[in-house]
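Presented below is the structure to which this report refers.
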Amino acid sequence: MSTTVPFFTPEEKKTFFSVYRRLLTDLSSCLEKDDIRKMKALMKQIDVNVCYGRDPNGINGLLRNVSTALIATSDIGLRRTAVLAMLLYRPVLKEHIPVEDVEAAFGQDVSLLIRRLQKTSALYARNTAVHSENFHHLLFSFAEDVRVILIMIADRLCMMRFGKQFKAENRLRLATEVSYLYAPLAHRLGLYKIKSELEDLSLKYVDPEQYNGIKAKLNETKRSRDAYIAEFIEPVRRKLEVAGLQFDIKGRTKSIHSIHNKLKKQQVDFEKIYDLFAIRIILDTPPDRERSECWQAFSIITDMYQPNPHRMRDWISVPKSNGYESLHATVLGPQNRWVEVQIRTRRMDEIAERGLAAHWKYKGVREERGLDEFMNDVRAMLETQDMSPLDAMQTFRMNLYQDEIYVFTPDGELLKLARGATVLDFAFAIHSRLGCRCVSGRVNGKNVPIRHLLSNGDTVEIITSPSQKPKQDWLSFVATGKARSKIRQAIREESARTAEYGKELLQRRFKNRKIDVDEAVLMRYIKKKGFKTVTDFYLGLAEERLDVSHVMDEYLELERREKEVAEHPEVRSAEQFVVPPQTDETDLNRDVLVIDRNLTGIDYKLARCCNPIYGDAVFGFVSTQGIKIHRTNCPNAQEMFSRFGYRVVQARWSGKTDAGYSVTLRVIGHDDIGIVTNITSVISRESSMTLRSIHVDSVDGLFQGDITVLLSNTSAMEQLIRKIKSVKGVKQVSRLF
């Protein structure tokens with residue numbers, strides 16, 4: 001009997017042909033006459049099993065390729081060049097097809113895109129942890145060609161949909177990478193539908209308990225929610241029809257990730273979130289009547305229902321820089337419930353769903369420069385000299401999720417800035433030289449400092465001085481990535497000039513005393529003094545924080561001692577190099593946790609930031625204090641995977657344990673007489689757990705208690721949570737990190 005795994009399982013084969021037929025249908029209008037024939041001719045050169053074999057997670061390469069291509073066409077709007085590059089990229093990468101053959105068959109644009117995808121793939125094959133220089137190059141390859149970003153987003157969505165096939169550690173790493181980089185990128189490029197799915201799937205893999213809990217509650221309330229939406233929509237539909245408008249109207253439930261964020265931010269029960277859904281009105285209207293009909297629909301809605309003036313958003317008059325156009329109003333509907341209403345045209349809706357790529361379809365209607373401006377900003381930021389990878393990532397992410405305000409120059413030119421932007425941000429948005437010389441501003445005719453926060457509609461004038469120089473504290477209040485990167489660049493350039501003066505000063509003093517400097521000894525001296533960089537040391541000399549004469553005396557003393565050691569080396573026994581073992585903070589059965597590849601008996605500590613217990617999904621993190629065990633939904637997990645992915649090791653629980661683990665539960669409920677006694681009595685009746693501490697606050701008839709319990713595993717914890725929830729008066733029980 002053959003043990004060879006077939007190239008396609010029956011289910012995969014069915015899925016593949018379904019996806020392939022849909023892909024051909026999507027591409028039928030843009031493929032050239034001989035494209036399919038040329039593709040088949042090239043494919044005859046390859047060994048399909050080798051070229052499109054399963055990856056380490058067991059995912060079929062060919063199915064992944066066509067699934068990614070379908071996402072790129074149907075959800076993003078990419079066409080012939082990008083899809084051909086995606087389908088041929090792997091055979092070229094595996095050297096089954098020369099890239100020159102691809103260029104001869106399909107043209108230079110396809111081969112160029114394949115080369116850029118190869119460059120990105122090479123970076124991923126090494127390491128994309130944010131701390132590494134590779135990440136800087138990865139971002140630059142994104143900025144080089146926007147299609148690379150769009151293809152990578154499509155590929156990551158495809159991989160997330162296949163997530164169940166991944167090993168737990170790889171699935172967590174992928175989910176963290178997606179939530180840290182690709183979901184924000186999709187947001188910035190206006191791919192809201194993809195962004196929501198990426199965020200939901202990330203939450204599903206990182207915190208399945210929270211995801212499934214919200215999903216279950218949405219399903220429980222679906223019938224009442226649908227009934228309310230129908231009640232709200234029906235009179236609106238009649239009014240819009242009377243006005244002669246052509247439209248579709250529907251209700252849209254918020255994404256699970258969005259609800260999760262609201263629960264965390266507002267610290268309320270699921271039932272207290274009023275805006276679980278939005279009503280969307282999509283108008284079928286010609287381009288020349290888009291604005292007028294959107295405002296007509298807005299007027300009809302706000303005449304019927306009382307609007308909330310603080311939650312009105314007009315992104316039609318001035319669209320977002322990612323191309324998003326819509327009118328948003330929050331109105332008081334039936335049963336005194338606030339309802340968000342979104343009004344847009346069919347064109348606007350397609351751009352909202354498929355992002356800036358959809359603008360290519362509508363370029364004859366309205367030219368949008370948001371994408372070009374964003375990519376230019378990214379390129380300028382990445383080209384800044386001496387920017388560390390962490391600085392690059394921080395600035396890059398600032399550009400991704402920023403909301404916007406609109407301000408004017410004295411000449412009436414409109415500028416878009418991040419919400420929270422200051423006069424200084426405005427100056428750098430005009431020109432970096434203007435920002436570096438900015439001393440104050442004049443907003444709407446009034447003099448203001450450079451820290452002054454700008455508001456929508458402000459008219460701003462910049463006041464400069466030739467003696468002004470960028471300062472370190474400017475970084476604490478600017479809100480735009482461009483301002484931050486230009487300030488850092490200017491400070492570094494100024495520091496480099498100052499440090500060069502300090503270096504010349506020291507060299508001149510050594511020369512005056514006729515001392516030949518040993519660079520190796522000098523470097524050891526600088527390190528011994530605690531300076532992180534040589535530049536910092538020379539800055540200290542230039543700014544007179546270090547005395548040159550004192551530095552020279554210490555250098556000579558160090559040089560003398562090193563010469564003595566070299567001439568009379570000390571003989572030491574091997575025992576003196578043995579470091580005594582450190583006692584662990586937590587006394588546990590070491591074999592209860594298996595780390596990395598089936599390794600047991602390894603010392604580890606349970607991280608205090610998330611307090612994992614037996615049964616939690618966990619991973620190991622190699623720190624300077626040894627291996628720390630974290631929960632996969634630890635608040636710091638995303639940063640650890642993104643910045644220090646090379647330090648993460650797999651970990652899982654094994655066997656049984658009698659050890660006790662500390663867990664803190666937060667209990668919220670009505671401040672009734674005896675409720676605390678009832679809760680503690682529930683705990684005391686459990687022989688397998690011990691109450692360690694309890695802290696209770698009471699405000700306005702509600703109490704909030706933090707209860708710390710010693711127990712053995714997650715099953716015991718879940719059982720305890722269920723019992724506490726059954727106590728009369730208890731509203732909510734949740735585990736704290």
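The values are calculated or read from the model by the stated rules, or taken from the named source; none is laboratory data. Fair warning: this is a prediction, and the values are worked out from it, not measured in the lab. Every residue, glycine among them, receives a Cβ derived from its backbone with ideal geometry; neighbour counts consider all protein chains shown. All accessible areas refer to the heavy atoms of the entire protein, side chains included, with ligands and DNA or RNA removed. Shrake-Rupley method; radii C 1.70, N 1.55, O 1.52, S 1.80 Å.
So the values come out like this:
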item	result
Qualifying positions in the stretch 232-252 - open to solvent by less than 90 Å² (accessible area, probe 1.4 Å), of a type in the set (D, E, K, R) and more than 38 Å from the chain's Cα centre (by Cα)	Glu234, Arg237
Single unsatisfied condition, Arg344 versus (1) open to solvent by 20 Å² or more (accessible area, probe 1.4 Å); (2) touching a Ser or Thr at 6+ places or on another chain (Cβ under 6 Å); (3) of a type in the set (Lys, Arg); (4) at pLDDT 85 or above	(1)
Within the stretch 143-165, considering residues that are open to solvent by 20 Å² or more (accessible area, probe 1.4 Å) and either of a type in the set (Gly, Ala, Ser) or over 18 Å from Ser121 (Cα atoms) (or both), the one farthest from the chain's Cα centre (by Cα)	Gln165
Single condition Glu209 does not satisfy, out of (1) at negative phi; (2) modelled with pLDDT of 90 or more	(2)
Members of the stretch 391-408 that are over 22 Å from Ala183 (Cβ atoms), at pLDDT below 80 and either open to solvent by less than 10 Å² (accessible area, probe 1.4 Å) or of a type in the set (Gly, Ala, Ser) (or both)	Ile405
Filtered residues of the stretch 311-336 (kept if assigned to a loop (DSSP other than H, G, I, E, B) and at pLDDT 85 or above)	Met312, Trp315, Ile316, Glu325, Ser326, Gly333
Residue match in the stretch 431-447 (condition: touching a Lys or Arg at 6+ places or on another chain (Cβ under 7 Å) and small (Gly, Ala, Ser))	yes
Residues satisfying the stated conditions in the stretch 276-306, i.e. of a type in the set (Gly, Ala, Ser), farther than 25 Å from Ser224 by Cα and in contact (Cβ under 8 Å) with a residue 12 or more places away in the chain	Ala297
Qualifying position, being closer than 25 Å to Tyr211 by Cβ and surrounded by 14 or more Cβ atoms within 10 Å (Cβ to Cβ), among Gly620, Gly705, Gly660	Gly620
Top-ranked residue in the stretch 432-443 [being buried (at least 22 other Cβ atoms within 10 Å of the Cβ) and small (Gly, Ala, Ser); ranked as farthest from the chain's Cα centre (by Cα)]	Gly441
Pairs, first over 21 Å from Asn713 (Cβ atoms) and open to solvent by less than 50 Å² (accessible area, probe 1.4 Å) in the stretch 625-643, second of a type in the set (Phe, Trp, Tyr) and at pLDDT 80 or above, C-beta under 6 Å, six or more apart	Met640/Phe621
Top-ranked residue of the stretch 409-431 - restricted to ones that are hydrophobic (A, V, I, L, M, F, W, C) and open to solvent by 70 Å² or more (accessible area, probe 1.4 Å), ranked as modelled with the highest pLDDT	Ile430
Subset of the stretch 175-190 (residues that are open to solvent by 20 Å² or more (accessible area, probe 1.4 Å) and not charged (D, E, K, R))	Ser179, Tyr180, His187
Conditions (1) out of contact with any Leu (no Cβ under 8 Å at 6 or more places or on another chain); (2) modelled with pLDDT of 90 or more; number of the one not met by Tyr305	(1)
Residue count for the stretch 81-114, restricted to those that are in a loop (DSSP other than H, G, I, E, B) and of a type in the set (S, T, N, Q)	0
Failed condition for Arg685, given (1) free of Cβ contacts under 8 Å to residues at least 12 places away in the same chain; (2) surrounded by 18 or more Cβ atoms within 10 Å (Cβ to Cβ); (3) charged (D, E, K, R)	(2)
Qualifying position, being among the hydroxyl-bearing types (Ser, Thr, Tyr), more than 30 Å from Pro334 (Cβ to Cβ) and modelled with pLDDT under 90, among Tyr180, Tyr192	Tyr180
Identity of the residue in the stretch 106-137, among the hydrophobic types (A, V, I, L, M, F, W, C) and farther than 18 Å from Leu93 by Cβ, that ends up modelled with the highest pLDDT	Phe135
Number of the exception - Asn376 against (1) open to solvent by 40 Å² or more (accessible area, probe 1.4 Å); (2) within 17 Å of Val460 (Cβ to Cβ); (3) at pLDDT below 90	(2)
Qualifying residue in the stretch 486-493 (condition: touching a Leu at 6+ places or on another chain (Cβ under 8 Å) and open to solvent by less than 60 Å² (accessible area, probe 1.4 Å))	yes
In the stretch 712-737, residue surrounded by the fewest Cβ atoms within 10 Å (Cβ to Cβ) [restricted to those that are touching a residue at least 24 places away in the same chain (Cβ under 8 Å) and more than 35 Å from the chain's Cα centre (by Cα)]	Lys728
Qualifying residue in the stretch 39-49 (condition: touching a His at 6+ places or on another chain (Cβ under 9 Å), among the β-branched types (Val, Ile, Thr) and either open to solvent by less than 50 Å² (accessible area, probe 1.4 Å) or modelled with pLDDT of 85 or more (or both))	yes
Condition met for Leu78 (part of a helix (DSSP H, G or I) and within 32 Å of the chain's Cα centre (by Cα))	no
Wholly enclosed helices (runs of 4 or more DSSP H) of the stretch 16-75 bearing at least 3 residues in contact (Cβ under 8 Å) with a residue 40 or more places away in the chain and closer than 30 Å to Glu353 by Cβ	61-71
Count of residues meeting criterion [in contact (Cβ under 8 Å) with a residue 60 or more places away in the chain and within 15 Å of Val236 (Cβ to Cβ)] in the stretch 307-343	8
Some residue of the stretch 207-230 being over 19 Å from Arg156 (Cα atoms), in contact (Cβ under 8 Å) with a residue 60 or more places away in the chain and of a type in the set (Ser, Thr, Tyr)	yes
The stretch 526-557: number of residues that are small (Gly, Ala, Ser) and in contact with a helix residue (DSSP H, G or I) (Cβ under 6 Å, 6 or more places away or on another chain)	1
Residue in the stretch 488-495 that is closer than 13 Å to Gly435 by Cβ, among the hydrophobic types (A, V, I, L, M, F, W, C) and at pLDDT 85 or above present	yes
